[in-house]
Amino acid sequence: MSRLDALNEAVDLRRDLLAEPGIEASVTAHRRSNLSRALCDRFILAPRRQDLEEASDLARRSVTEVSPDDSEMASMLVNAARTLGIAYASYGIRTDLDDSIGYGSRALQVMTAPSDPRMTALLNTASSLRMRFDRTGQLRDLDDSIALLRESAVAQGAWPSRPENLSELAGALTDRFLLLSDAADLDDAEQMARRSVSSRGGVAVAGPLCLTNLGNVLMQQHIAFHRPGALDEALEVYRAAANESERIGTLRAVHLSNLASAMAEQFVAGGDQAGLVDAIALRQDACLMLEEDDPTRTDYLQNLAQDLLLLPGASRDASQINAVRALEEASLLRSASPVRRAGSGSAGGPRGSVHPPLGGLSPQPQARRRTHARCRRQAAPPGGAPPLANEHGGPLLGGGDRGHQGRRP
């Protein structure tokens, strides 16, 4: 049975349980939350807006239909924070983001002792704060996100969500480096990203979210400081992330876009044309994986157009025509989408922006020339994603990871 088939069964089962007559209000709320979680998981794998909208409605209702001292309140708050964080990362509705932060903060007030659910709540709340920073530019939100993630980084215990927390911390520190240009933040980000990957067992088994944020940090080391070997290592890490990602879905598009960005950057640095052609093919695949009304699709199209224009020689005339078409489509999408998804970059200009994780999900600016994909957790997402995580510490979007970014103006 495929993962999608299993999620379809889970949704059907939880919908049947919710429809049972004569159950107590508190049990109904718990079942709403469980159905919300299953719908959100299915959206991550196979994005359909109606799934996420239903999941968001169920999550909100679940936390308002029971008393504050309900035994499942913390779990339902964590789910609501996760679901609404993904909703904002996907469709850019500001109330979803503010509610995600509010529910996450309430969850942290309920769970004061170190525990796996608290570590997950720290991750989700920090991820949403990071997305709000991407939208408003308020440094306090980014600093608060880093402070929450540092708590989880130093907490004693083998928490299942530790790799994702470390990875999201790496992404937040990278954001602050892009804003303030403090090399200490980027060095700290690299340390956290490497800890995240090693705690998963190394590059071979780390998973796409943790790998993506390590790749993001390495790309910034290449862009800002021309560190020898950083670009080659980033390419290796992004390739591993793409190989480990699901075959479909928004996160897959993010991982392919990041790999394409590193390959195109390698071409600019003196690589051969074959690498650029492969990067363009990956960009095209990524665009096809996104819904037509996906707000971040404009950034993917702009990246594709910029790479097409790099093609030399006989390929250039045809590539220019294709690039113009891609930019025209991107322009139409942008004019039809007044609210950009969190984290989306501006055309052709280096800047940083939101989670990823996951991470969330939206393309981010790339090295010098293009915007890059970054995913937010719940997923990751991830420097994530998000990624937002579920109450069991698993990736939201698979969440907090994000794609790497170029310098902010």
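The numbers here are math on the coordinates, done by the rules we state, and not lab data. The model shown is predicted, which means the values in this text are computed figures rather than measured ones. So basically every Cβ, Gly included, is an ideal-geometry build from the backbone, and we count neighbours across all protein chains shown.
Quick notes on this structure:
- Highest mean packing first, where packing is the average number of other Cβ atoms within 10 Å per residue, the peptides 17-23, 114-120, 299-305 line up as 299-305, 114-120, 17-23.
- Loop GluC sites (Glu not before Pro), the range 1-104 (other Cβ atoms within 10 Å of the site Cβ: 13 or fewer; DSSP): E24
- Rounded to whole Hz, the Karplus (6.51, -1.76, 1.60) HN-Hα couplings of the range 14-22, x for glycine and proline: 6, 5, 5, 4, 5, 7, 4, x, x
- Here F267, F177 are placed in order of increasing Cβ neighbour count within 10 Å, fewest first, which gives F267, F177.
- Other-chain or far-sequence residues with amide H under 5 Å of R227's (modelled H): H222
- Per-residue HN-Hα couplings for the range 108-116 [Karplus 6.51, -1.76, 1.60; θ = phi - 60°; Hz; x = Gly/Pro]: 5, 5, 6, 9, 8, 7, x, 6, 4
- For the range 1-111: rounded, prolate or oblate by the Cα gyration tensor [a/c cutoff 1.5]: oblate
- For the range 257-274, Karplus couplings with θ = phi - 60° (6.51, -1.76, 1.60), whole Hz, Gly/Pro x: 5, 5, 4, 4, 5, 5, 5, 5, 5, 5, 4, 4, 7, x, x, 8, 5, 4
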